[in-house]
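So the structure is just underneath, and the comments pick up after that.
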Amino acid sequence: MIFNRKPFLSLLFLLAAVTLFQSCVPENKFLFVFNRTTVKHPIRDTPFVFNNEIKIKPGVVTKDEANRLESEMDSYWDDAVKARIVQQFGLFYRVKSPQVFDTVGLKRSAIFMNAYLQSQGYFNAALTDTFVIDTIRWGKKSQELRTTSIMNIEPGKRTIIDSFGYNFTSTEPPIPVDTILQQLALSKSSQSLIKKAAPYSRQLIAGELDRLVAIYREHGFYRLNRDHLAALVDTSDQLIDSLSLDPLELATKIEAAAARRKLFPTADVTIMQARQAKELPVDTAILKQYYVGNVYYYPETDATTDIPDSLLAKNNFRVIGSAGVFMKHPNEKRRYRFRPFRQHTFVTKGEIYNERNFYRTINAFSQMGPWQQVDVRDSVRVDTVDLHVFLAPNPKATYKFDFELTRSTADFSSSTNLFGIGGNVSYLHRNVFRRAIQSVTTARAGVELNLEGSQDLFQTIQAGVGQTFSFPNLLWPYTRWNLKKDFDATRTLLNINANYTDRRNFFRVRSLMLNMGYEYKKKNKVYSLRFPVPFIELYSLDTLQLLRDEFKKNPFLRTAFNTGSVVGWAAAYNVTWPSRHNPKVAKHFRMGGEYAGLFGPWINKSWEDNLYHYLKGEFEYIHKYQFYDNTVLVLRAFTGIGYNLVQDEQLGRSLPFFKQFVAGGPNSMRGWGLRQLGLGSSQLSDTSPGFSDRFGDLQLEGNIEYRFPIATIGGTKFNSAVFLDVGNLWNLKDDPANPQARFRFRNFYRDMAVALGMGLVRLNIANFILRVDFALKLKDPARIENNGWLFPNFKWKNGEYPGKIRNNYAFQLGIGLPF
């Protein structure tokens, strides 16, 4: 059977283009020329719920605000009139198990939506409900009565906050605790979520109340919660506060005030204690500052059999500790030493209770590794809070085995069919020396086999071992840092790896890597540092005869096999945060820097000549927007740059190839295979025989990806995506043998590569994601005709270079999301 893939690939390209167009259409506007909504198990001869439409009168609010309101209010349809629509394949929609239409549900929907609009500050909204029935006939005696529920909304002007303040001192004279609450609120008022002239919403008010509760609980008010605070929202007109005795004048003022409120609605917001608003007496147990007492740890709690409340009543524990921190263990043979508990307790006996430090303590033990579950109970003594922390251990040690198969073409040999077999085993110990130190030992091995029979069976042999220790605290030279003051969590990583690769008759590579690093976490920020202890990477290369022959055919290969070692320092910074204005937007920023090289008279000359000297930096920004129908739009920008500080014939003019950037593959520029894009608009790698991998000193890349669900079958989620990738690789220094590989602004447009594609399938099985993506090389810098563009002379194959036929598309198999 002969499979003609051209119609199949043409269909995939059409689906990608249509879906990309659909991703730009506002939500719920799904009826366009390519789309058709079908009904599964329709009801005959009786009106049934087919669709819902929310129509906001244009001109009153902005288009973006109208889209937001429509999307939010779509979840406020009453169940009796809510259309059960599911999306299929990102293109089509189906109504599943429709229900009989009921006009009562329309009235309830109007009530729900009006309540939502009021929560958003639209106090003068007008809602009108209606419905339309479309008749679809089935023969002479049967018909479908498809009913679309419509809600017409004139929201009116949104209420604006005219003034905002705090009033916790309503009594005369004010009691001391009221004064403290007022002072704390005013001291942090610059961080308030409520601003004058901002649109009113209940979510804004709720967020401000939560912020104040967090502040108060960080200053000892242990029993205070949101129920004890209230917001007084006054929408009355202050101009009629002094009422006239003349009935006609009073009526005129009231009518004018009502007209003003409708045209320019405003509100005055005052935050106070709930007891003030309800005129209740003072609750001294709530309005009291509490202090930290003792902290007791139960590190051997059985998650299945031990009940925390029952353990509190037992008195047969062996207790060790001091200074308000104690560990209770059930027998003489302790599984854990006391030091990790003292180091990671962020609350101090005798200090005012601080809830942030309490959560820092809990999170530190949750993320440490030896324990799988953390539970807390408290006991209050007058104005002192004792904390009891129950820790359920993870298994002390676990093994993990991985096995993989690959099929590929050779990099520079004549063999075109290599079959790879590889595997690794890892051993995790979670409590080394009983100090909560984690140890990971790994061993890796693999071979590549030649299946053609014309050469030796074993083409490549690889082996490696590694050892990593993770210490839950800082080691030298940062042992004197004030951990409890500066960071929420820290750890020290000590790593050593040794690897060996034997590419039969071509080369043998041995490497040894050692590094000691530090990680610091503060709120949503993570800092990584490999300083002052440098990381060391030692390499040894044996060049064999067949590789030397390849050097004669392709001198460019020499830059990929230069030999040297690396001694350097590195730092990195990661932060993830939600948008303040839109909770459905998440942002991530990452940057890192690396310096390698040793200078000075104390460095042996032979050592210095064999060391790479370079600077390298990476910057990445990811912006994710979560839509209301479980679709996600992801924007990503990446920049990587490295500069070789010296020019040496042995070490080359660029970064060492194992430190350079690469493009292509399942996670970058998906229209090209791994390491098959670049450099610039150079055609050297595409026209040279044999070796075609590309490495660059500069990488610029941007990605847009729209992800959407298709179906869920038996707990397995079938998803898809459409995407656009733009970017390329360059060198920073001139190479006489490859001049087009250098980055120049005047060639930026010509050098830029563009890929358009879609996810054929993305299986999500218990958060394990397996995906197959397809992409077209929409613009290939190495393509001669059309200035690199695939259109208008569309072809599936590129035969511009004699003896080399290249695909204008690529299939990518990946695990996990690309970014």
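The values are calculated or read from the model by the stated rules, or taken from the named source; none is laboratory data. These numbers were taken from a predicted model, which means no experiment stands behind them. Note that each Cβ is placed from the backbone with ideal geometry, even for glycine, and that neighbours are counted across all protein chains shown. Side chains are part of the model used for accessible areas, which takes the heavy atoms of the whole protein and leaves out ligands, DNA and RNA. Shrake-Rupley method; radii C 1.70, N 1.55, O 1.52, S 1.80 Å.
Hey, which lysines would be in cross-link range of Lys553, C-alpha to C-alpha under 24 Å, not counting anything within fewer than 8 residues on its own chain?
Cross-link targets: Lys733, Lys804.
For Glu701, which sequence-distant residues (separation of 5 or more, or a different chain) have an amide H within less than 5 Å of its own amide H, given hydrogens modelled in the peptide plane?
So Glu701 has HN proximity to Phe638.
Between Val104 and Ile150, what is the label-point separation in nm under the 7 Å Cα-to-beta-carbon projection?
Taking the simple label geometry, Ile150 and Val104 are separated by 2.5 nm.
For segment 655-773, report the convex hull volume of the alpha-carbon atoms normalised per residue, in Å³, without decimals.
It comes to 119 Å³ per residue, whole-number rounded.
Ordering Thr284, Thr301 by how much accessible area each has at a 1.4 Å probe, largest first, what is the list?
Descending accessible area places them as Thr284, Thr301.
In this model, which of Lys624/Lys797; Lys57/Lys196; Lys188/Lys584; Lys107/Lys157; Lys521/Lys717 are farther than 30 Å apart at the alpha-carbon?
Pairs exceeding the cut-off: Lys624/Lys797; Lys521/Lys717.
Report ³J(HN,Hα) in whole Hz for each residue of segment 585-591, in order, from the Karplus equation J = 6.51 cos²θ - 1.76 cosθ + 1.60 where θ = phi - 60°; Gly and Pro get x.
Calculated HN-Hα couplings, in order: 9, 10, 10, 9, 10, 9, 9 Hz.
Between Asn747 and Ala126, what is the label-to-label distance in nm when each label sits 7 Å out along the Cα-to-Cβ direction?
Result: 6.6 nm between the two label points.
Compute the label zone of Ala206 within segment 106-123: residues whose backbone N is under 17 Å from the point 7 Å along Cα-to-Cβ.
Those under the cut-off are 112-122.
Using the Karplus curve 6.51 cos²θ - 1.76 cosθ + 1.60 with θ = phi - 60°, what ³J(HN,Hα) values do you get for each residue of segment 694-706, in whole Hz, with x for Gly and Pro?
10, 9, x, 8, 9, 10, 10, 8, x, 9, 10, 9, 10
With a 10 Å radius around each residue's Cβ, average the other Cβ atoms per peptide and rank 672-679, 717-724, 794-801, 219-226, highest first.
672-679, 717-724, 219-226, 794-801
Going down the list Lys349/Lys525; Lys328/Lys522; Lys525/Lys587; Lys288/Lys349, which pairs span over 21 Å between their C-alpha atoms?
Listed pairs above 21 Å: Lys349/Lys525; Lys328/Lys522.
Express the carbon and sulfur contribution to the solvent-accessible surface of segment 729-819 as a percent, rounded to the nearest whole number, probe 1.4 angstrom.
63 percent
With every protein chain kept in place and ligands, DNA and RNA left out, what is the accessible area per residue of segment 514-596? Probe 1.4 Å, answer in Å².
Solvent-accessible surface per residue comes out at 51 Å².
Need the full-extension length gain, Arg44 to Lys140, defined as separation in residues times 0.36 nm minus the C-alpha distance. One decimal, nm.
33.3 nm is the gain from fully extending Arg44 to Lys140.
State the dimensionless ratio Rg/Rh of segment 714-776 (Rg: radius of gyration of Cα atoms; Rh: Kirkwood radius).
1.26
Students sometimes get this wrong: rank Val319, Val374 by accessible area, probe 1.4 Å, all chains present, largest first.
Output order, biggest surface exposure first: Val319, Val374.
Could you calculate, for segment 707-819, the ratio of the Cα radius of gyration to the Kirkwood radius, expressed as Rg to Rh?
Radius of gyration over Kirkwood radius for segment 707-819 works out to 1.09.
Assuming 0.36 nm per residue, please report the length gained on full extension of the stretch Ser528 to Gln626 beyond their Cα-Cα distance.
32.4 nm
Efficiency by 1/(1 + (r/R0)^6): what FRET value for Lys795 and Met591, r their Cβ-Cβ distance, R0 = 41 Å, to the nearest 0.05?
The calculated FRET efficiency here is 0.50.
Pairs of Cα atoms under 8 Å, at least six residues apart: use those to get the relative contact order of segment 499-548, whole percent.
Relative contact order of segment 499-548: 45 percent.
Would you please give the FRET efficiency between Phe551 and Tyr427, computed as 1/(1 + (r/R0)^6) with r the Cβ-Cβ distance and R0 = 25 Å, to the nearest 0.05?
0.05
Using a cut-off of under 14 Å, list every residue of segment 315-349 whose amide N is near the label point 7 Å from the Cα of Thr305 along the Cα-to-beta-carbon line.
330-331
Stretched out fully, how many nm does the piece from Ser75 to Arg226 gain, at 0.36 nm a residue minus the Cα gap?
51.7 nm
Measuring from a point 7 Å past the Cα of Thr62 along Cα-to-C-beta, which residues in segment 191-208 have an amide N at less than 12 Å?
Residues passing the 12 Å test: 199.
If you roll a 1.4 angstrom probe over the protein chains with everything in place, what fraction of the accessible area of segment 57-163 belongs to carbon and sulfur, to the nearest %?
Roughly 53 percent of what the probe reaches on segment 57-163 is carbon or sulfur.
Which whole-number value in Å² is the accessible area per residue of segment 313-379, probe 1.4 Å?
It amounts to 54 Å² per residue over segment 313-379.
On a 1.4 Å probe surface of the protein chains, which of Met752, Met327 comes out largest in accessible area, and what is the full order?
The residues order as Met752, Met327, largest area first.
To the nearest 10 square angstrom, what accessible area does Val726 show with a 1.4 Å probe?
50 Å²
Could you give the accessible area per residue of segment 776-817, probe 1.4 Å, as a whole number in Å²?
Ligands and nucleic acids excluded, the figure is 50 Å² per residue.
Between Trp476 and Ser322, with labels modelled 7 Å along Cα→Cβ, what's the label distance in nm to one decimal, could you check?
For Trp476 paired with Ser322, the spin-label model returns 2.5 nm.
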